[in-house]
Amino acid sequence: MSRPGPFGHPYLLGFEEIERVLDRLTKQAEAYPPCNIEELSDGHLRITLAVAGFAPDALSITLTDRELSIRGEKPQTEEERTFLYKGIAARGFGRSFILAEGWEVESARLLNGLLRIDLKRVRSAPEVRKIPITLG
């Protein structure tokens, strides 16, 4: 029995995790807060999120098994306000990015309402192993 999907070819073995990641990414439609992803140089990327109104202690960045998660707790307002128009969102958020093998977080900094997360590629030499063949 053959299995459907983009990695259903019989010579592509062990790609089930990639299929799950692709499925999860297609269901992710959240666009808050807005972000940019830029290539700074070869092997260096920057993710910039617009997080105006969030204090550093209200933000958290975690890396778990190649999934980079950025969370922001809803800013606390001390006083009750009456808005004539409210166009600035003040809600918590969660954004996730899946990093390919060999990428790691280099730094994160908050400046003028922009959270910048710099990533770098760590290149390792390919491992070539000779597999012994036994008789019997």
**Asked** For the pair residue 18 and residue 91, what calculated FRET efficiency results from E = 1/(1 + (r/R0)^6), where r is the Cβ-Cβ distance and R0 = 41 Å, to the nearest 0.05?
**Response** 0.80
**Complete:** One finds the C-alpha centres of region 83-136 and region 55-75 to be spaced, in Å, by 12
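Suppose R0 equals 22 Å; then what is the FRET efficiency for residue 66 and residue 134 from their Cβ-Cβ distance, rounded to the nearest 0.05?
Values: r = 35 Å, r/R0 = 1.59.
E(calc), rounded to 0.05, equals 0.05.
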**Under 12 Å from residue 74, Cα to Cα: aspartates and glutamates that are on another chain or at least 8 residues apart** = 57
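Any read-out appearing in this document is the output of simple, stated calculations on the displayed coordinates, not a laboratory observation. Keep in mind it's a predicted model, so treat the numbers as computed, not measured. Counting neighbours? That spans all protein chains shown, and the Cβs are built from the backbone with ideal geometry, glycine included.
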